[in-house]
Amino acid sequence: MIIAKIDIAAYLSLRKAKGYMSVIETEHLRDNLFDLSSEYREKALRLKFHLAAQEMESINQGMSAVCSAGVCLMTGRHDCPQYIAIDAEKLESCLSELSASLKDIMGHQLAVES
């Protein structure tokens, strides 16, 4: 999820600077986000047995933000088939939710280590 956050933030910075992104860049990030979501679904049951309920809820919220970002990246094709102008505000909202979830997860980890 940390790598997804970094990738979304980099994509969003470029999107804001240019005003659009290429289809290839967008599809690559979208596919990576959906791959992460698929991997999470496969391993969620095992995680549930090893994590506290609050930690699991934080991970679920983070993964929800990852999925929402992936869906957001499916929109934006208008006039030009080579470029996409996704909604930067929606993607930024997903990034904020993911960041909050990661912060919460790290807070739980630090509390356990103390």
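In table form, for the structure just shown:
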{"read-out": "Computed [θ] at 222 nm, deg cm²/dmol, the chain (DSSP H ≥ 4; -39,500 (n - 2.57); rounded to nearest 500)", "value": "-28000 deg cm²/dmol"}
{"read-out": "Exposure of Y83 as accessible area (Å², to 10), given a probe of 1.4 Å and all protein chains", "value": "100 Å²"}
{"read-out": "HN-Hα J in Hz across segment 54-70 - Karplus 6.51, -1.76, 1.60, θ = phi - 60°, x for Gly and Pro", "value": "5, 5, 5, 5, 4, 5, 4, 5, x, 5, 4, 5, 4, 5, 4, 5, x"}
{"read-out": "For percent of Cα pairs over 25 Å apart, calculated from these coordinates, the label among (1) 31; (2) 27; (3) 45", "value": "(2)"}
{"read-out": "Total lysine pairs whose alpha carbons fall under 25 Å of each other in the chain (8 or more apart, or interchain)", "value": "12"}
{"read-out": "Estimated FRET transfer efficiency when R0 is 22 angstrom, pair T75-E39 (beta carbons, to 0.05)", "value": "0.40"}
{"read-out": "³J(HN,Hα), Karplus 6.51/-1.76/1.60, whole Hz, each residue of segment 45-52, x for Gly, Pro", "value": "5, 5, 4, 4, 6, 9, 10, 6"}
{"read-out": "Karplus 3J(HN,Hα) series, Hz, for segment 89-95 with 6.51 cos²θ - 1.76 cosθ + 1.60 (x for Gly, Pro)", "value": "5, 5, 5, 5, 5, 4, 4"}
{"read-out": "Surface share of carbon and sulfur [accessible, 1.4 angstrom probe, percent] for the chain", "value": "56 percent"}
{"read-out": "Peptide ranges 43-50, 68-75, 90-97, 24-31 listed from the most packed, as the mean C-beta count within 10 angstrom indicates", "value": "68-75, 90-97, 24-31, 43-50"}
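The values are calculated or read from the model by the stated rules, or taken from the named source; none is laboratory data. Remember, it's a predicted structure, so these values are computed and weren't measured experimentally. Note that each Cβ is placed from the backbone with ideal geometry, even for glycine, and that neighbours are counted across all protein chains shown. Calculation scope for accessible area: heavy atoms of the full protein, side chains included, ligands and nucleic acids excluded. Shrake-Rupley method; radii C 1.70, N 1.55, O 1.52, S 1.80 Å.
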